[in-house]
Amino acid sequence: ESYKVMLNGPAPWGFRLQGGKDFSMPLSISRLTPGGKAAQAGVGVGDWVLYIDGESTNAMTHIEAQNRIRACGDRLCLTLSR
């Protein structure tokens, strides 16, 4: 079951990523900052990151995903799956 969250910036967004194509693992949320933007939006540790701003993360390396998030500026739209 996938769901979308819209986080209003600027960064920090309050989560840490793990995985990516270069690790042969799906991108997922490894840590949340208590009370941070992601936690307040209902993001969970272990949730898979399917899309960053409408772009599929299937072929993204870890650093590409980080750069994509950095490029978002004032609004970060994530599609996640539990």
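Descriptive notes on the structure:
- Of Leu32, Leu78, the order by accessible heavy-atom surface (1.4 Å probe, DNA, RNA and ligands excluded), from most exposed downward, is Leu32, Leu78.
- Ligands, DNA and RNA excluded, the heavy atoms of Met6 present near 100 Å² of accessible surface to a 1.4 Å solvent probe.
- Sparse-neighbour loop sites [GluC sites (Glu not before Pro); the chain; at most 11 other C-beta within 10 Å; DSSP]: Glu1
- Quotient of C-alpha Rg and 2.2 N^0.38 Å, computed over the stretch 2-81: 0.96
- Residue-normalised accessible area of the chain, expressed per residue, 1.4 Å probe, Å²: 59
The values are calculated or read from the model by the stated rules, or taken from the named source; none is laboratory data. This structure is a prediction, so every number in the text was calculated from the model and none was measured. No Cβ is skipped: glycine too gets one built from the backbone with ideal geometry, and neighbour counts run over all protein chains shown. For accessibility, only protein heavy atoms count, side chains too; no ligands or nucleic acids. Shrake-Rupley method; radii C 1.70, N 1.55, O 1.52, S 1.80 Å.
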